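Before any comments, here is the structure.
The values are calculated or read from the model by the stated rules, or taken from the named source; none is laboratory data. Treat the numbers as computed from the prediction; the structure is a model and nothing was measured. As a convention, Cβ positions derive from the backbone with ideal geometry for all residues, glycine included, and neighbour counts pool all protein chains shown. Note: accessible area is taken over every heavy atom of the protein model, side chains too, but ligands, DNA and RNA are not part of it. Shrake-Rupley method; radii C 1.70, N 1.55, O 1.52, S 1.80 Å.
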Amino acid sequence: MAIKLSIKKICCIGAGYVGGPTMAVISDHCPDIDVTLVDKDKKKIDAWNSKDLSKLPIFEPGLKEVVRRNRGKNLFFSYEINKSIREADMIFISVNTPTKIKGLGAGYASDLKWVESSARLVAEHSEGHTIVVEKSTVPVRTAELIQEILGSSNKKSNIRMNKSFSVISSPEFLAEGTAIKDLENPDRVLIGGSDRVSVNLLKEIYSRWICDEKILVTNVWSSELSKLIANAFLAQRVSSINSISALCESTGANIHEVVRAIGSDQRIGRKFLAPGPGFGGSCFKKDILNLVYLCRFYKLEEIANYWEQVLLINEWQKNRISSLIIQKFFGTVVNKKILVLGFAFKSNTNDTRESPAITVTRELMENGAHLLINDPKVEREQIESELNIKEFAVDQLTTGSWNFVSDLENLSTNLDAIIILTEWSEYMDINWKKLSSKMRKPAWIFDTRNIIPNEIINELDINYWQVGITK
Ligand code: NAD
Ligand code: UGA
């Protein structure tokens, strides 16, 4: 089979939060390579092609500039999946790998049906020698499954049609909200594979802008496993600091002072120790569940239990925040008007998957509260779909309601509470004195991200709760 000497055309299956920014940045650095993103979701492809760059399907700082520079030159978004696969020398599989909701392993294992269907499309439509890059986060040994599908789809016809494949792993470590920055200047790029030629061709692409020392080459299983472990370690830090935030509140210690004290130890470091309402996002939970499933599969029960605890603490933190809000109102929030600031799982993204805001707002509505929800980048329809509760659905006897507010300047008076759930910089600029003066007393601000400076809080005639700090 013809061995590739260079890559001229890339196809990426999956134009989501990873595929989109990753391919945009590759196209930016490789003007000699045509990069085409395909997706089964036609609306998403239309949005990627929209003239108005504020309508791209995902919001990421710096993304629209990279798209503007390259779209139509060597960056394309297309519905023609089969054609793009046929023409490509290298295919990235960047599809979603959520937790299975039914069948064997439901609730823990990754659902690989989209990875599998992508591999089947590649098996059917590719021509010549194709390098398949596993970009999605997957359980260890998924490359074997992909290789098997590619190889056995029709062995005889593969030989007749001169088809061959090489599967390598290159998991993505970008974080939402900083995706472009992370792709431009990653801590490392990881490539796992035994086929040196394919590994080197991918390495050659990344080395256009990333130095050799940062491009790590491992065997394929280490690469797949390292991605899960990196997320597990990051999530573990968040759960650790959130657990200590509760201890600080009980003892009078201050979480920021504790973080400074422990983080000054270079072995611990200060990063990823911000207390909050619990981690969200599409990956930490599903990747740890997947890790737990793998441990149980290999009969490592104690290890599975150890990592599962990271998730249990996260659930506990989200529930503890909604409960304490209710308790501060003497056990009832029925008919309380509460402004919720932020619905995205973190700032600088419009992503709401697994956002702690979902748990906290649902719990408050179940307890009868009326919520005014604001987010600078999340649309009301997305909130409605996450909550599965229609906007304005008011049933005063049993449940509360919610509605979206975009204008924070002209809010109605008589708010009973404000809850800050996402650390958007817009919220740091709020005139807290003015806003709090309009509230119905006794009023509360619950700051789960600790964004309001102490000097401002001290001037407010209001009850204030911050995570990890006793007032
Ligand atoms: P996403 O849901 O935003 O995008 C996946 C896309 O794949 C969807 O648009 C879907 O329509 C498309 N798709 C699925 N099956 C397809 C098929 N057979 N043909 C064509 N298109 C298909 O998901 P994402 O957030 O981009 O994550 C993708 C993978 O990357 C996951 O495995 C995730 O764990 C991993 N990851 C995500 C992030 C992140 O920040 N979101 C970071 C690192 C790694
Ligand atoms: C995370 C990892 O950081 C990426 O390296 C990884 O590629 C990605 O998951 C993935 O595999 O999907 P992401 O989920 O986009 O990225 O965002 P993070 O910045 O990691 O934040 C995750 C959650 O933890 C957010 O809800 C955030 O608010 C919370 N968090 C983070 C804290 O509460 N405290 C912190 O100190 C850091």
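What you get for the chain, charging only the Cβ of Lys and Arg (+1) and of Asp and Glu (-1), is a dipole of about 680 debye around the Cα centre. Against the chain, whose longest principal axis is taken from its Cα atoms, helix 196-206 shows a tilt of about 50°.
Using the Cβ-Cβ distance between Asp195 and Lys55 with R0 = 41 Å, the FRET efficiency computed as 1/(1 + (r/R0)^6) comes to roughly 0.55. Dividing the summed -39500 (n - 2.57) terms of all DSSP H runs of n ≥ 4 by the residue count of the chain sets its mean residue ellipticity at 222 nm at -12500 deg cm²/dmol.
For the range 105-205, the equivalent ellipsoid derived from the Cα gyration tensor has semi-axes of 26, 19, 11 Å, listed largest first.
For the range 276-374, the spread of Cα positions along the three principal axes, ordered from largest to smallest, is 51, 31, 19 Å. Find which of His125, Ser136, Pro98 sits farthest along the positive direction of the dipole of the range 87-141, computed with +1 on the beta-carbon of Lys and Arg, -1 on that of Asp and Glu, about the Cα centre. The residue sitting farthest along the positive end of the dipole is Pro98. Descending by average beta-carbon neighbour count within 10 Å, the peptides 338-344, 111-117, 97-103 line up as 338-344, 111-117, 97-103, the highest first.
For the residues Tyr298, Tyr17, a 1.4 Å probe over the protein chains yields an accessible-area ranking, largest first, of Tyr298, Tyr17.
Across the chain, the relative contact order, built from alpha-carbon pairs under 8 Å that are at least six residues apart, equals 12 percent.
Take Lys337: with every protein chain present and a 1.4 Å probe, its accessible area is about 70 Å². Within the chain, the proportion of Cα pairs with more than 28 Å between them is 56 percent.
Compared with the dominant principal axis of the Cα atoms in the chain, helix 356-366 is inclined by about 50°. Once the Cα atoms are used to define both axes, helix 284-297 deviates from the longest principal axis of the chain by about 60 degrees. Classify the range 1-156 from the C-alpha gyration tensor, please: rounded if a/c falls under 1.5, else prolate or oblate depending on whether a/b exceeds b/c. It is oblate, given that a/c is not under 1.5 and a/b is not larger than b/c. Peptide packing: for 182-191, 164-173, 309-318, the average count of neighbouring Cβ atoms within 10 Å per residue gives the ranking 164-173, 309-318, 182-191, highest mean first. Once label points are set 7 Å from the Cα along Cα→Cβ at both Lys9 and Asn335, what is their separation, rounded to one decimal in nm? According to this spin-label approximation, the distance is 6.7 nm. Entry for the range 329-471 at q = 0.14, 0.15, 0.20 Å⁻¹: log10 I(q)/I(0) = -0.62, -0.71, -1.32, Debye formula applied to identical alpha-carbon scatterers, no solvent contribution.
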